[in-house]
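One structure is given here, and the rest of the page talks about it.
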Amino acid sequence: MIRLPSLALASASAIAAIAAASPTLAQSTDWSGPYIGVYGGFTQENGQEDERLRFDRNLDGNYGDTVTLAAGGDAFSPGYCGGLPGGNSQAQGCRDDAMGSFGGVRAGYDMQFGSFVAGVVADYGVGNQRDAVTGFSTTPANYTFSRKLESLAALRARLGYAWGPALIYGTGGVARGSLENRFSTSNMANTFTASVDDDEADGYQLGGGVEYRLAPNLSVTGEYLYTSLDAGDHVIRVGRGTAPATNPFVLAPNTTGTDMIRSNSKFGVHAVSVGMSYRF
């Protein structure tokens, strides 16, 4: 499978090669001033391979409990896997999270000091990158938490080196995303209610790229960004429903139910994009 960071490096190298071959390379390009632009590309989530589900059996806020069977043993002993389930049993595995797409708008301002360029850029984009984890019980049944990054706003600094009509730069700053949390299960006996559903996430972005001046007021950019977000809590309260009193989620002494979350609160996303900017 082609990794996004490698694709980003290839894109940046291609733009740099165009710059090296350009007959205008020796000409002076002034990067100072404001600009606005659009961008679009592809994303891949940076999943945690050993992610699992965590449980709070006595509802004390600590998710370190084991959901046990009436005869003893771990009700989730079949295990876990990343992605959406292929069936009700762990042996059927999971489908890996698919690549996503995104697009947005940006605005920024640069100041040039000799060959060095420093600036700030703000952007806002929408996308559809998902990140899922599934647990399997001995029933057998599957239990899946998924989250989708619907929108992302960022404010970053840029520091680059101007080389003729090309600007090679690194960038980093803060980011805030809006998530859509979902839960699904093949268990039709218990009840499942979201007691907490925090759909906001804060974090940071780091990356770099190459911007190439096509005309005095028009430039094209190839960029790679890594986004790390601290996702909000998504808590599912499991109640008895039509299950018997011996059901592991409501087994005495706690008959109220069990709170369930996913273990990984980080949402990491690799992204590569191509953009166009108009410079004033």
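The values are calculated or read from the model by the stated rules, or taken from the named source; none is laboratory data. Note that the structure is predicted; figures quoted are calculated from it, not measured. Using ideal geometry, Cβ is built from the backbone for each residue, glycine included, and neighbour counts are taken over all protein chains shown. We work out accessible area using only protein heavy atoms, side chains counted, and drop any ligands, DNA or RNA first. Shrake-Rupley method; radii C 1.70, N 1.55, O 1.52, S 1.80 Å.
Considering only segment 111-126, state which residues are touching a Ser or Thr at 6+ places or on another chain (Cβ under 6 Å) and either closer than 21 Å to R182 by Cβ or surrounded by 15 or more Cβ atoms within 10 Å (Cβ to Cβ) (or both). Steps first, please.
If we filter segment 111-126 for residues that are touching a Ser or Thr at 6+ places or on another chain (Cβ under 6 Å), which is where we start, we get 111-112, 126.
Passing the criteria: Q112, V126.
Scan segment 129-143 and give yes if some residue there is of a type in the set (S, T, N, Q) and open to solvent by 50 Å² or more (accessible area, probe 1.4 Å), otherwise no. Before you say what the answer is, go through the steps one by one.
To start, the set of residues in segment 129-143 that are of a type in the set (S, T, N, Q) comprises 129, 134, 137-139, 142.
Okay, now just the ones that are also open to solvent by 50 Å² or more (accessible area, probe 1.4 Å), so 138-139.
Yes, because at least one residue in segment 129-143 is of a type in the set (S, T, N, Q) and open to solvent by 50 Å² or more (accessible area, probe 1.4 Å).
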Does segment 68-82 contain any residue that is modelled with pLDDT of 95 or more, in contact with a Lys or Arg (Cβ under 6 Å, 6 or more places away or on another chain) and over 19 Å from R237 (Cα atoms)? yes
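Could you tell me which of the residues L229, L206, L218 is in contact (Cβ under 8 Å) with a residue 60 or more places away in the chain, hydrophobic (A, V, I, L, M, F, W, C) and open to solvent by 30 Å² or more (accessible area, probe 1.4 Å)? Explain how you work it out, then say what you get.
Working: L229 fails: open to solvent by 30 Å² or more (accessible area, probe 1.4 Å); L206 fails: in contact (Cβ under 8 Å) with a residue 60 or more places away in the chain.
So the residue among L229, L206, L218 that is in contact (Cβ under 8 Å) with a residue 60 or more places away in the chain, hydrophobic (A, V, I, L, M, F, W, C) and open to solvent by 30 Å² or more (accessible area, probe 1.4 Å) is L218.
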Which ones in segment 153-175 are open to solvent by less than 30 Å² (accessible area, probe 1.4 Å), aliphatic (A, V, I, L, M) and under 21 Å from V272 (Cβ atoms)? A154, A166, L167, A175
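I need the full set of residues from segment 77-95 which are assigned to a loop (DSSP other than H, G, I, E, B) and in contact with a strand residue (DSSP E or B) (Cβ under 7 Å, 6 or more places away or on another chain), in order please. Before the answer, list the steps.
From segment 77-95, those assigned to a loop (DSSP other than H, G, I, E, B) are 77-78, 83, 86-89, 93; that's our starting set.
P78, G83, G86, N88, S89, G93, listed by residue number.
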For segment 55-72, the count of residues that are surrounded by 18 or more Cβ atoms within 10 Å (Cβ to Cβ) and either polar (S, T, N, Q) or not in a loop (DSSP other than H, G, I, E, B) (or both) equals 2
Which of the residues that make up segment 236-256 are of a type in the set (V, I, T) and crowded, with 18+ Cβ neighbours inside 10 Å? I236, V238, V250
One residue is enough: does segment 209-228 have a residue meeting the conditions modelled with pLDDT under 95 and either under 26 Å from C81 (Cβ atoms) or in contact with a Pro (Cβ under 6 Å, 6 or more places away or on another chain) (or both)? no
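Quick check on this structure: which one of M276, M260 is open to solvent by 40 Å² or more (accessible area, probe 1.4 Å) and among the aliphatic types (A, V, I, L, M)? Full working, then the answer.
Details: M260 fails: open to solvent by 40 Å² or more (accessible area, probe 1.4 Å).
Answer to the selection: M276.
Against the condition of a type in the set (G, A, S), part of a loop (DSSP other than H, G, I, E, B) and open to solvent by 40 Å² or more (accessible area, probe 1.4 Å), how does S101 come out, does it pass? I'd like the intermediate steps shown before the answer.
Numbers: of a type in the set (G, A, S): yes; part of a loop (DSSP other than H, G, I, E, B): no; open to solvent by 40 Å² or more (accessible area, probe 1.4 Å): yes.
When the stated conditions are applied, S101 does not pass them.
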Looking at (1) under 25 Å from the mean Cα position of the chain (by Cα); (2) more than 30 Å from N88 (Cα to Cα), which is the one condition that is false for G164? (1)
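Would you please name the residue that is farthest from the chain's Cα centre (by Cα), looking only at residues in segment 43-62 that are touching a residue at least 40 places away in the same chain (Cβ under 8 Å) and over 15 Å from D131 (Cβ atoms)? Can you show your working first?
Within segment 43-62, the subset touching a residue at least 40 places away in the same chain (Cβ under 8 Å) is 43-48, 51-59.
If we keep only those that are over 15 Å from D131 (Cβ atoms) too, we end up with 54-59.
Working: R54: 21, F55: 24, D56: 26, R57: 29, N58: 32, L59: 29 Å.
Here the answer is N58.
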Restricting attention to segment 190-249, which residues are closer than 23 Å to D60 by Cα and among the β-branched types (V, I, T)? T191, T193, V196, V235, I236, V238, T246
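In segment 182-202, what residues are small (G, A, S) and without any contact (Cβ under 8 Å) to a residue 60 or more places away in the chain? I'd like the intermediate steps shown before the answer.
Taking segment 182-202 as the starting set, the residues that turn out to be small (G, A, S) are 184, 186, 189, 194-195, 201.
Of everything in segment 182-202, those that are small (G, A, S) and without any contact (Cβ under 8 Å) to a residue 60 or more places away in the chain turn out to be S184, A189, A194.
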